[in-house]
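What follows is a short report on a single structure.
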Amino acid sequence: MKLIKRPYKSTEDYWRIRQFLREVMLLNNLHQYSWHVARLDYWWWFIQPDLEKMTLEESIFFWETETREVAAILNPEGKGQAYLQIHPKYRTPELVEEMIVTAEEHFKHPNREGKMRVLVFSDSKEAMRHEILKQRGYQKVDRPETNETIHFFPLANDIQEVEMPAGYTIRALGHGLELLERCYASGLGFHNDDINFARENRDDPTWYQHIQSAPLYRRDLDLIAIASDGSIASFCTIWFDDVTRTAYFEPVATVPKHQRHGLGKAILTEGLKRLKTMGAKIATVGGYSNEANGLYFSVFGKEFDQTQPWEKIFD
């Protein structure tokens, strides 16, 4: 079947992408061969407007049938990165290669050495895509900071009981000034106690308000661990999609001075309990570092998959 390629056109296309990702996840038996819809929301409402600032018409491409059924979508996450979202009915070598060629034409971005490159991400089990990437001169990147381990927790399973660390309580994020404290904690948690970065994060909370504007955002699933002095010690935001009944944890972090008390394990476990009560079927979280993956294995168990980048350097 002849597919028609076109670029992103309008906000209506965003809603079509969301619908497509949900349909594909269900068809793939809840396996993340394509993005979870929450990952799209997080990128769309936060990463893209506040960090990447890409031109959507030059960054997102659709492949459709003559009746406008979506067969595939190509999109970035960071500059120079390419993600292929493909309907299983239309997954052919010809389509995969055309999407990779399109990424090469539109997504090239200089690496640290100034050389133009493209990173195409692929599930570790996508043998067909790997072969095409090799033929086109790509090499698999095998660095911990680029390989994402995706942890799965089927919520039909029993959730382990975790003792709450003394002096801390877990609850949903509050209103008012607590939003500023959440921004401050994020700066500390993701930037190794960098107080200046944390203050900048808190001075302008617009970025977090963007996250709260995303369609899947729920305050009752935006969890924080409070220390005895009232500060936010740990946090995780959970995105629950009631269409696929799947959940996605992003972000997850603990402020450095509160680490190694079991807070990460406690807050993740509380999140799983809330999801189970809501009727979720499966929860996922992605980790890049040994420390993060160690935590996620301890809570989610042994089930995991990997998304790996393949790199092509252009002369």
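Please report the antiparallel percentage of the DSSP beta bridges confined to the chain, to the nearest 5.
Once the DSSP bridges in the chain are tallied, antiparallel ones form about 90 percent.
What is the distance in Å between the Cα centroid of the stretch 1-60 and that of the stretch 189-214?
Comparing the Cα centres of the stretch 1-60 and the stretch 189-214, I get a distance of 25 Å.
So which trypsin sites (Lys or Arg not before Pro) in the stretch 213-302 are both in a DSSP loop and have at most 10 other Cβ atoms within 10 Å of their Cβ?
Passing sites in the stretch 213-302 are ARG260, LYS302.
Taking the alpha-carbon centroid of each part, what is the distance from the stretch 237-273 to the stretch 92-156 in angstrom?
Cα centroid of the stretch 237-273 versus Cα centroid of the stretch 92-156: 27 Å apart.
For the stretch 157-280, report the convex hull volume of the alpha-carbon atoms normalised per residue, in Å³, without decimals.
That works out to 101 Å³ per residue.
For n ≥ 4 DSSP H runs only, could you compute -39500 (n - 2.57) per run for the chain, divide by its residues and tell me the 222 nm figure to the nearest 500?
-10000 deg cm²/dmol
In whole Hz and in residue order, list the ³J(HN,Hα) couplings for the stretch 188-201 that follow from phi through the Karplus curve 6.51 cos²θ - 1.76 cosθ + 1.60, θ = phi - 60°; x for Gly and Pro.
Whole-Hz 3J(HN,Hα) from phi for the stretch 188-201: 5, x, 9, 10, 6, 6, 6, 5, 5, 5, 4, 5, 4, 4.
Too long at a 25 Å Cα-Cα cut-off: which of LYS9/LYS281; LYS5/LYS312; LYS281/LYS302; LYS9/LYS79?
Exceeds cut-off: LYS9/LYS281.
Can you give the translational diffusion coefficient of the chain in µm²/s, computed by Stokes-Einstein from the Kirkwood radius over Cα pairs at 4 °C and 1.567 mPa s?
Translational D for this selection: 63 µm²/s.
No lab work stands behind these numbers, since they all come straight from the coordinates. Only a predicted model underlies this, so the values are computations on that prediction, with no experimental measurement involved. Neighbour counts run over all protein chains shown; Cβ positions are idealised from the backbone, glycine included.
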